[in-house]
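The values are calculated or read from the model by the stated rules, or taken from the named source; none is laboratory data. The model shown is predicted, which means the values in this text are computed figures rather than measured ones. Please note: Cβ atoms are built from the backbone with ideal geometry, for glycine as well, and neighbour counts cover all protein chains shown. For the accessible areas, the whole protein counts, side chains as well, though only heavy atoms, and no ligand, DNA or RNA atoms are used. Shrake-Rupley method; radii C 1.70, N 1.55, O 1.52, S 1.80 Å.
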Amino acid sequence: MSSEQGAPGASPRAPRPGTQKSSGVVTKKGDRAAKEKPGTVLPPVGEEEPKNPEEYQCSGVLEIDFAELCTRSGYTDFPKVVNRPRPHPPFVPSASLSEKVTPEDPRLSGSCSLNSLESKYVFFRPTIQVELDQEDSKSVKEIYIRGWKVEERILGIFSKCLPPLTQLQAINLWKVGLTDKTLTTFIDLLHLCSSTLRKVSLEGNPLPEQSYHKLMALDSTIAHLSLRNNNIDDRGAQLLGQALSTLHSCNRTLVSLNLGFNHIGDEGAGYIADGLRLNRSLLWLSLAHNRIQDKGALKLAEVLRPFELTHTEVVERRRLLLEKGTQERSQSPSSSRHGDSKTDREKGQIVGISNSTLLDKTDKTQPVKTPKGLGKKKEKSWELTKKEEKSGAGQSPTQGTPKKEDATKAGKGKVTIPEQKPSRIKGIKIGSREKRSILPESEHLGQSLEYSRQSKHQLVVEATEVINPLLEPVEHRAGKVFMPGNKVLLHLNLLRNHITEVGLEGFLATVQHQVQFSKAKSVSKGPVGLLWLSLAKNCFAPQCPAYAKIQELMLPRDPIKVKLREDEAMAFFS
């Protein structure tokens, strides 16, 4: 028993070494686990989880929104939004300043060198330059990005923060490393800003597939597009020409297009000229600093004066005329039924009023003018018929008798609804077959008058007012159909190409025709042709007779030079 009692008493005094070591190891491992476990599970104090950029609601202030979206997207160093620097006026130091400030001053030289070094680094740092509205200092009007690569992630951030900018009008990208893929993303961004954005500049961004024509799609709202210095060749010019217009589609929003400093040759200039054949919205075109020679210059000059329609264009024009005539005939009963009191006799023809009743009403209302109009019609029928063939837009080839009726109206010197009475008398005397063609013909005349009114305001680029150019008045010569040419283009720049006197003669013929056309117009409004033409720095002498003649003819047409001369005259006489 003594041994049994001694054993428990001896164990606390002298524990076994193995038991003490094992218990000590277990205790140390538990302590380590207790110390390491909170470090991996519990977040450190003051640190927040990254936020989702999709949950952020933009405030409409670009500087705040762009910085917040970049932070939420994981960017640690991103471009800053700064105001666009303006060029300062030249500084002319005075004598007093030159005496006070000397470059030998060590304090000034040290501070200037430090500031200049710091400004150089700031200059090369990527920034987003913005131009603000004068009235609202927080509203961004234009964005300039220059000299740093715009990746798809940045474009995704732009697609979030640019649409809330209600005053954004222009985006300028210069050497930002765009690719065909990022261009597609950029076009999607433009659609989001289409309510206000009208000007886009992509310069110094050559693309392998030259897909710049996607910016001129039919659903595009861009009015001013600059594509300078993009290495665009004849293939790219072909795509751009097709985007301007084809036989079945036409861009109706683009007003100015700058293709300077590219590699467009004669073939590419021909494609651009083909796009100008049926385009009636482009007012300003620059092809300066390219590789255009005489062949391309002649193609451009040809479409600015009357040119011959191709067989395909003639067929399409006939199809449009037939379609237009069908629509007018289908609308004629409803339009005459809702006419005013002046078209009572036309209503009588539809419901079947007898010929004698119509004759009695005509004799009562106009007893003297009827024989006079008929007499004039017999005397000048041949001349008026020829004039009607030239001036009518949208007439079907089979309209014979209605042309005589229009000649009767023109012989009176007035084009109003009451003056259609003699034409109806003639139609009634000839037979009932003529009566059925009177009402559609009167509507043809109304459509022609409507076209003449709209042509006065054709410079206003509105899609609802643009008429298909194939329905414009044409001229027939030797069995060929000639269109009057593009008179909407006002500004053409061909500076520094390879045009000789041969191409110059083509532009001289164009300018002479447009000058005669503008003098013959009886109205002051409407398209009149080129107002500014630049052909300098080409392969001909400045004293060339053709070039001097062009300068002489264009001088009174240039509105800026005319305004300057008027101001000088007012200053001289005041």
So for the stretch 230-249 (the condition being of a type in the set (Val, Ile, Thr), out of contact with any helix residue (DSSP H, G or I) (no Cβ under 6 Å at 6 or more places or on another chain) and farther than 18 Å from Leu183 by Cβ), does at least one residue qualify?
yes
Expected single match for loosely packed, with under 14 Cβ neighbours inside 10 Å and outside any helix (DSSP H, G or I) among Asp136, Asp188 is Asp136
- Before we move on, is Ser522 open to solvent by less than 80 Å² (accessible area, probe 1.4 Å) and modelled with pLDDT under 90? no
Per the list (1) assigned to a helix (DSSP H, G or I); (2) touching a Leu at 6+ places or on another chain (Cβ under 8 Å); (3) over 17 Å from Ser245 (Cα atoms), residue check on His289 breaks on (1)
* Inspect all residues belonging to the stretch 150-169 and state whether any of them is farther than 16 Å from Leu62 by Cα and either among the small types (Gly, Ala, Ser) or open to solvent by less than 70 Å² (accessible area, probe 1.4 Å) (or both). => yes
Would you check if Leu276 is in contact with a Gly (Cβ under 9 Å, 6 or more places away or on another chain), closer than 22 Å to Leu470 by Cβ and in contact (Cβ under 8 Å) with a residue 40 or more places away in the chain? yes
Quick one: is Glu505 in contact with a Cys (Cβ under 9 Å, 6 or more places away or on another chain) and modelled with pLDDT of 95 or more?
no
Here the residues within the stretch 320-336 that are in contact with a helix residue (DSSP H, G or I) (Cβ under 9 Å, 6 or more places away or on another chain) and either exposed (fewer than 15 other Cβ atoms within 10 Å of the Cβ) or on the phi > 0 side of the Ramachandran plot (or both) are Leu320, Arg329, Gln331, Pro333
Based on what the data block shows, is His476 touching a strand residue (DSSP E or B) at 6+ places or on another chain (Cβ under 9 Å), modelled with pLDDT of 85 or more and at negative phi?
-> yes
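Residue-by-condition table, conditions (1) part of a loop (DSSP other than H, G, I, E, B); (2) farther than 21 Å from Val130 by Cα; (3) out of contact with any Gly (no Cβ under 6 Å at 6 or more places or on another chain); (4) modelled with pLDDT under 90:
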{"site": "Thr40", "(1), (2), (3), (4)": "no, yes, yes, yes"}
{"site": "Glu47", "(1), (2), (3), (4)": "yes, yes, yes, yes"}
{"site": "Pro50", "(1), (2), (3), (4)": "yes, yes, yes, yes"}
{"site": "Ser59", "(1), (2), (3), (4)": "yes, no, yes, no"}
{"site": "Ile64", "(1), (2), (3), (4)": "no, no, yes, no"}
{"site": "Ala67", "(1), (2), (3), (4)": "no, no, yes, no"}
{"site": "Thr76", "(1), (2), (3), (4)": "yes, yes, yes, yes"}
{"site": "Arg86", "(1), (2), (3), (4)": "yes, no, yes, yes"}
Residue hits (the stretch 265-308; aliphatic (A, V, I, L, M) and open to solvent by 30 Å² or more (accessible area, probe 1.4 Å)) are Leu283, Leu298
When every residue in the stretch 126-151 that is small (Gly, Ala, Ser) and within 16 Å of Ile64 (Cα to Cα) is compared, the one modelled with the highest pLDDT is Ser139
Residue pairs within 7 Å by beta carbon, gap of at least six or interchain, first lying in the stretch 73-87 and without any contact (Cβ under 8 Å) to a residue 60 or more places away in the chain, second exposed (fewer than 13 other Cβ atoms within 10 Å of the Cβ) and assigned to a strand (DSSP E or B), listed first then second, are none
Residue count, the stretch 467-502, condition among the aliphatic types (A, V, I, L, M) and either in contact with a Cys (Cβ under 6 Å, 6 or more places away or on another chain) or in a loop (DSSP other than H, G, I, E, B) (or both), comes to 9
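Listed here are the residues, each with its yes/no results for (1) open to solvent by less than 10 Å² (accessible area, probe 1.4 Å); (2) out of contact with any strand residue (DSSP E or B) (no Cβ under 7 Å at 6 or more places or on another chain); (3) part of a strand (DSSP E or B).
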{"site": "Ala237", "(1), (2), (3)": "yes, yes, no"}
{"site": "Gly241", "(1), (2), (3)": "yes, yes, no"}
{"site": "His248", "(1), (2), (3)": "no, yes, no"}
{"site": "Arg252", "(1), (2), (3)": "no, yes, no"}
{"site": "Gly260", "(1), (2), (3)": "yes, no, no"}
{"site": "His263", "(1), (2), (3)": "no, yes, no"}
Considering residues that are more than 11 Å from the chain's Cα centre (by Cα) and either within 14 Å of Gly270 (Cα to Cα) or open to solvent by less than 10 Å² (accessible area, probe 1.4 Å) (or both), the number found within the stretch 202-235 is 10
Among Arg146, Arg228, Arg198, the single one that is within 19 Å of Arg252 (Cβ to Cβ) and basic (Lys, Arg) is Arg198
From the option list Arg252, Arg280, single residue qualifying as touching a Pro at 6+ places or on another chain (Cβ under 8 Å) and modelled with pLDDT under 95 is Arg280
Item checked: Test result for Gly506, open to solvent by less than 40 Å² (accessible area, probe 1.4 Å) and part of a loop (DSSP other than H, G, I, E, B) -> no
